[in-house]
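A quick write-up on the structure given underneath.
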Amino acid sequence: MNPPNSKFGFFPDEVVVQILARLPVKSLFRSKTVCKHWYGLASDKYFIQLYNELSVKNPMVLVEVSESSESKSSLICVDKLRGVSDFSLEFMKHRVKVRASCNGLLCCSSIPEKGVYYVCNPTTREYKLLPRSRERPVTRFYPDGEATLVGLACDLSMHKFNVVLAGYHRSFGHRPEKTFICLIFDSESSKWRKFVSLQDDYFTHMNRNQVVYANGALHWLTGSCSCILVLDLNGDVWRKIWLPDEVCGGAGNRVYLLESDGNVSVVQMSDAWMTIWVLKDYEREDWNLVDRVSLRCIRGMVPGIFPISQAGQYVFLATHKQVLLYHRDSRVWKEMYSVKNSSTLPLWFSAHAFRSTILSCH
């Protein structure tokens with residue numbers, strides 16, 4: 001006999017909802033055919049919020065793999081729970097490269113057409129072509145007409161996103177100026193807004209691609225590794241957060257910016273140690289040292305290993321041909337993926353932190 005007020009057979013509604021909220025999205029969508037109530041879950045606000053809250057606790061890595069024998073590249077997703085799976089953006093029907101990732105959405109730039117951007121949810125196979133900005137300076141960013149900084153901010157609670165393109169203005173035939181132009185796309189208004197400031201920071205390929213969204217702001221590590229450049233999306237204001245005095249780049253140290261359970265985190269790699277800091281008090285800029293990990297057992301990989309994603313006790317790292325998972329509690333390293341053939345680019349060069357959510361990009 002069914003329990004009272006239950007729509008799901010012998011199990012209470014909440015138990016079934018909790019089970020379904022832990023399924024991979026493909027399995028969840030297949031389950032829609034079971035009954036009318038399950039069919040409606042994917043569009044139910046409570047269920048979407050629950051599913052996304054659980055999903056963001058599961059760190060994943062999205063990696064582009066380029067084979068030397070082919071001009072095409074493929075995407076793979078490395079998930080600590082479900083292993084490795086093929087990943088495709090072919091549903092967009094455009095050749096794109098991933099520029100930023102945030103809470104299940106990807107910001108991609110068109111390969112054939114400079115200055116054309118998309119936002120997609122590869123899990124639900126939805127995508128949105130962003131309108132072209134009327135601001136001509138966006139096509140004069142350095143280098144090669146591409147924005148120096150590309151950021152994606154996805155607010156799961158508000159069901160909205162922002163795309164940020166920022167770069168130094170360069171007059172034709174001249175070196176880049178200190179004039180920093182910032183364009184922000186708002187998904188609610190479906191429009192771009194612009195503001196101009198002066199910046200004298202520089203960015204390497206690695207730190208301009210590692211952008212973190214937290215506390216309503218986007219964060220980039222500057223090339224000097226002395227501070228983080230922060231864009232407050234509520235007030236369109238740039239500011240800086242200084243790193244802990246103990247953190248320094250150069251002289252055998254490398255510094256990376258990651259997100260950690262909704263907080264800004266900095267990971268410093270040396271020849272022997274991986275040190276993890278988390279910005280616990282955002283307003284007071286109070287950094288906590290949360291872990292110091294010996295790299296002795298992977299010593300041969302250290303010069304070419306890069307942290308990509310972390311959540312809870314897990315840290316994903318990429319080398320030239322491998323994706324590794326480190327569990328901080330057990331101190332165990334695990335190889336999650338390895339490129340079998342030669343790759344034209346190191347995996348860390350095109351690796352992004354990823355979460356699987358059912359947030360719509362429309």
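Quick notes on this structure:
- Once the Cα gyration tensor of region 287-343 is diagonalised, semi-axes √(5λ) in Å: 21, 12, 11
- Residue by residue, region 353-362 carries 3J(HN,Hα) couplings of 5, 9, 10, 9, 10, 10, 6, 7, 9, 9 Hz when phi is fed to the Karplus relation 6.51 cos²θ - 1.76 cosθ + 1.60 (θ = phi - 60°); x denotes Gly or Pro.
- The loop-placed GluC sites (Glu not before Pro) in region 242-293, going by DSSP, that have at most 16 neighbouring Cβ atoms within 10 Å of their Cβ come out as 246, 283, 285.
- Debye intensity ratio in log₁₀ form over the Cα atoms of region 185-277, taken at each q of 0.12 Å⁻¹: -0.41
- Ranking 159, 169, 205, 362 from most to least accessible surface, computed with a 1.4 Å probe over the protein chains only, gives 362, 159, 205, 169.
- For region 212-335, dividing the convex hull volume of the Cα atoms by the residue count gives 104 Å³ per residue.
- Listed residue pairs exceeding 20 Å between alpha carbons, taken from 80/128; 160/191; 93/128: 80/128
- For a paramagnetic label modelled on residue 296 (point 7 Å from Cα along Cα→Cβ), amide N atoms under 15 Å away belong, within region 321-350, to 331-333.
- Within the same chain, aspartates and glutamates fewer than 8 places from residue 334 are excluded, and of the rest, those with a Cα less than 15 Å from its Cα are 79.
- Fully extended contour minus Cα-Cα distance, from residue 15 to residue 281, at 0.36 nm per residue: 92.2 nm
- Heavy atoms of residue 74 accessible to a 1.4 Å probe, total area in Å² rounded to 10: 60
- Once the Cα-Cα distance is subtracted from the 0.36 nm per residue extended length, the residue 240 to residue 82 segment shows a gain of 53.1 nm.
- For 242, 287, 220, 348, the ranking by accessible surface with the largest value first comes to 242, 348, 287, 220, using a 1.4 Å probe.
- The 1.4 Å probe gives accessible areas that order 80, 280, largest first, as 280, 80.
- Label point distance in nm, residue 95-residue 158, each placed 7 Å from Cα along Cα→Cβ: 3.7
The values are calculated or read from the model by the stated rules, or taken from the named source; none is laboratory data. Since this is a predicted model, take the numbers as computed values, not measurements. Glycine gets a Cβ as well: all are built from the backbone with ideal geometry, and neighbour counts include every protein chain shown. Remember, those area values only see protein heavy atoms, side chains included, never the ligands or the DNA or RNA. Shrake-Rupley method; radii C 1.70, N 1.55, O 1.52, S 1.80 Å.
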